[in-house]
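Every read-out reported here was derived from the displayed coordinates using simple, explicitly stated rules and does not represent laboratory data. The structure displayed is predicted, hence computed values, not measured ones. Glycine gets a Cβ as well: all are built from the backbone with ideal geometry, and neighbour counts include every protein chain shown.
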Amino acid sequence: MSIDLIPGSKISSTALRAERMRMEIVANNLANVNSAGSNEDDVFKRKIAVFDSVFKDEVNDNPASELGGVKLKEIATDERGGVEVYAPYHPKANKETGMIMMPNISPIEEMLDMITATRAYEANLSIMQEGKKMAEKTITMFK
Amino acid sequence: MHLESLVFDETSVINSKLMELSQAKQKTIANNMANADTPGYIRRELDFQKQMKQIIGEGDMNRLQDFKGNLVKDDSGPAKLDGNNVVLPQEMNNMMENGVFYNLLAKAFSTRMSIIKSAIR
């Protein structure tokens, strides 16, 4: 085990990684906001990041060392139905009804998710900063 | 009186133990923050005050050396719809408090050292 001078830095970095992945999923959802399909199975479905907490089983009597932060457990699919739009000129449109299926993505929801991810990222960064301050205090203790 | 006991006496042991526990607490807060959006996560808390008071009261310094505190689940606060009960501002507040406490301990230690230094000179 390497030395752990900055308390909680590994835990916070798992959180930073998870929030980055969430941001990527949001970006992917927003990028596909117009990926139309001909029916419910063909159309792009909104993806959701699902987090899970990590606990290490270390052979160590220090209780704080079992804390392992967070990980992206899975990328779940939002199973809500898409929106039908009348667009007979579209190559994927239904020949009889002239309807195409738009994905179940709401830009407002994605913006909300984006802001949440950004704020969580900032909060974890400030934890890292505080940990760094503690480490600085430790090494300048004898001055 | 040994020279050892000049620096490594009871107060120093308690001081360094508190610093160690404060670092562990920082880890716990970091873990709570990391899991602020994890469904079903119950916030953890490092519980050491009561036990430490008891150990210091008994004056058993060897037991204090091995003391690490206990990690307990804190489900006192109201949980969100997904079963998560982490409140970010509360964690930030805890973190700040812990940081100031750590600074205080470091300051106390360096003040002790400078007192001993001035006595030696």
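Per residue, chain B reaches -21500 deg cm²/dmol at 222 nm when only DSSP H runs of four or more residues are counted, each adding -39500 (n - 2.57). Of A:E110, A:E79, A:E96, the residue with the greatest mean-square motion in the GNM of chain A, using alpha carbon springs below 10 Å, is A:E96.
Each semi-axis of the equivalent ellipsoid for chain B is √(5λ) with λ an eigenvalue of the Cα gyration tensor; in descending order they amount to 36, 16, 9 Å.
Among the residues of A:127-135, the average count of other protein chain beta-carbon atoms within 10 Å of the residue beta-carbon is 5. Adding -39500 (n - 2.57) for every DSSP H run of four residues or longer, then dividing by how many residues chain A holds, sets the calculated 222 nm ellipticity at -14000 deg cm²/dmol.
For the protein assembly as shown, the residue among A:L30, A:M141, A:A76 whose Cα projects farthest onto the positive side of the dipole built from Cβ charges is A:M141. Straight-line cross-link partners of B:K27 among the aspartates and glutamates, defined as a Cα under 15 Å from its Cα and at least 8 positions apart when in the same chain: A:D4, A:E66, A:E130, B:E45, B:D47, B:E91, B:E97. Each of A:M99, A:M134 has some number of other Cβ atoms within 10 Å of its Cβ, and from fewest to most they run A:M99, A:M134.
Helix A:9-31 axis versus longest C-alpha principal axis of chain A: approximately 10°, rounded to the nearest ten.
Taken about its Cα centre, chain B carries a charge dipole of roughly 340 debye when the Cβ of each Lys and Arg holds +1 and the Cβ of each Asp and Glu holds -1. Farthest towards the positive end of the charge dipole of chain B, among the residues B:L105, B:I55, B:L18, is the Cα of B:L105, using unit charges on the Cβ of Lys, Arg, Asp and Glu. The A:T116 and A:E40 beta-carbon pair, evaluated with R₀ = 41 Å, returns a calculated FRET efficiency of approximately 0.90.
The number of Lys pairs in chain A with C-alpha atoms less than 23 Å apart, excluding pairs fewer than 8 positions apart on the same chain, is 18. Evaluating 6.51 cos²θ - 1.76 cosθ + 1.60 at θ = phi - 60° for every residue in segment B:93-101, the Karplus couplings come out as 4, 4, 4, 4, 4, 5, x, 5, 4 Hz, glycine and proline recorded as x. Report, in degrees rounded to the nearest 10, the 0 to 90 angle that the Cα long axis of helix B:49-58 makes with the longest principal axis of chain B. Compared with the principal axis, the helix lies near 30 degrees. Computed on the Cα trace of the protein assembly as shown, the radius of gyration divided by the Kirkwood hydrodynamic radius gives Rg/Rh = 1.19. In order along segment B:109-114, the phi-based Karplus estimate (6.51 cos²θ - 1.76 cosθ + 1.60, θ = phi - 60°) of 3J(HN,Hα) comes to 5, 5, 5, 4, 4, 5 Hz; Gly and Pro are listed as x. Straight-line reach from B:K53: taking Cα to Cα under 12 Å and skipping same-chain neighbours fewer than 8 places apart, no aspartates and glutamates fall in range.
Taken residue by residue and averaged, Cβ atoms of other chains lying within 10 Å of the Cβ of A:5-14 number 6.
What does the convex hull of the alpha-carbon atoms of segment A:24-112 project to on average, in nm²?
Reported value for the Cα convex hull: 7.7 nm².
Model label sites at A:I75 and A:K132, defined 7 Å from Cα along the beta-carbon direction, differ in position by 3.1 nm.
Each residue of segment B:32-48 was assigned a 3J(HN,Hα) from its phi angle through the Karplus curve 6.51 cos²θ - 1.76 cosθ + 1.60 (θ = phi - 60°); the sequence is 4, 5, 4, 9, 4, 10, 8, x, x, 6, 9, 5, 9, 9, 8, 9, 9 Hz, with glycine and proline shown as x.
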